[in-house]
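S.K.: Could you have a look at this structure, given as structure tokens, before my questions?
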Amino acid sequence: MTAPRRLLLVNGPNLNLLGTREPGIYGTETLADVVRVTTDAAARRGFELRAVQSNHEGVLLDAIHDARQDCAGIVINPGGLTHTSVVLRDALSGVALPVAEVHISDVRAREEFRHHSYVADVAVVHVIGEGVPGYATAVARLIDILTGQAEG
Ligand code: CA2
């Protein structure tokens with residue numbers, strides 16, 4: 001079977017609030033902007049995108065499990081679950097699809113509790129602190145890997 005030309009975009013808890021508060025940290029773009037930027041970046045390379053955002057961990061796990069059926073890779077900003085969730089990490093490693101981890105803010109320059117990511121070592125791409133355009137970078141780098149165009 002040929003690999004599906006579709007990616008799953010996952011945004012975790014509270015990312016529906018983007019653009020409404022804390023513009024100094026997260027900018028002024030909204031979740032709809034994130035989905036548009038990411039969808040466009042995938043389309044430029046001939047990939048479709050399915051987007052999910054939820055404030056409920058189980059909804060995210062189900063979407064990740066379902067991606068096994070029809071997606072080639074996952075782009076994820078896990079929000080605060082990045083720093084707390086073994087179950088999210090287990091779901092990502094369980095589906096065995098290539099994962100790109102994105103953070104809008106530079107978590108390395110923020111509070112100590114944001115420095116650790118449970119997702120980092122199951123992801124093959126990491127884009128941190130590049131704002132919303134970072135989602136497009138993540139898509140491009142993930143598709144490079146999927147299509148064998150990544151630099152050695
Ligand atoms: O920088 C990122 O993308 C984060 O994943 C965002 C999470 C945070 O817990 C991570 O440490 C870093 C928070 C998402 C909540 O976003 C909000 C946006 C506007 C107003 C309030 C929250």
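The values are calculated or read from the model by the stated rules, or taken from the named source; none is laboratory data. None of the values given here were measured: they were computed from a predicted structure. Neighbour counts are summed over all protein chains in view; Cβ atoms, including those assigned to glycine, are modelled from backbone coordinates with ideal geometry.
S.K.: Go through (1) β-branched (Val, Ile, Thr); (2) touching a residue at least 60 places away in the same chain (Cβ under 8 Å); (3) over 20 Å from residue 128 (Cβ atoms) one by one and return the number of the condition residue 37 breaks.
M.R.: In the conditions (1) β-branched (Val, Ile, Thr); (2) touching a residue at least 60 places away in the same chain (Cβ under 8 Å); (3) over 20 Å from residue 128 (Cβ atoms), residue 37 misses (3) alone.
S.K.: I would also like to ask the following. Taking the options 31, 60, 18, 9, name whichever one is at pLDDT 95 or above and more than 16 Å from residue 133 (Cα to Cα).
M.R.: It is 60.
S.K.: Moving to a separate point now. Just name the residue that is surrounded by the most Cβ atoms within 10 Å (Cβ to Cβ) out of those in the range 1-33 that are among the hydrophobic types (A, V, I, L, M, F, W, C), touching a Leu at 6+ places or on another chain (Cβ under 7 Å) and over 19 Å from residue 92 (Cβ atoms).
M.R.: Per the stated criteria, the residue is 18.
S.K.: May I pose another question? Starting from the range 1-27, keep only residues that are touching a residue at least 12 places away in the same chain (Cβ under 8 Å), then list their pairs with residues that are away from the ligand (no atom under 11 Å from the Cβ) and of a type in the set (Phe, Trp, Tyr) whose Cβ atoms are within a distance under 6 Å, requiring at least 6 positions of separation or different chains.
M.R.: Close Cβ pairs (under 6 Å, with a partner that is away from the ligand (no atom under 11 Å from the Cβ) and of a type in the set (Phe, Trp, Tyr)) amount to 5/47; 7/47.
S.K.: Modelled with pLDDT of 95 or more, outside any loop (DSSP other than H, G, I, E, B) and within 16 Å of the ligand (Cβ to nearest atom): is that true of residue 88 in this structure?
M.R.: It is true that residue 88 is modelled with pLDDT of 95 or more, outside any loop (DSSP other than H, G, I, E, B) and within 16 Å of the ligand (Cβ to nearest atom).
S.K.: OK, next. Within the bounds of the range 101-115, is there any residue that is away from the ligand (no atom under 16 Å from the Cβ) and at negative phi?
M.R.: no
S.K.: For the range 124-140, indicate whether the set of residues that are out of contact with any helix residue (DSSP H, G or I) (no Cβ under 9 Å at 6 or more places or on another chain) and more than 15 Å from residue 41 (Cα to Cα) is non-empty.
M.R.: Looking for residues that are out of contact with any helix residue (DSSP H, G or I) (no Cβ under 9 Å at 6 or more places or on another chain) and more than 15 Å from residue 41 (Cα to Cα), one finds none in the range 124-140, hence no.
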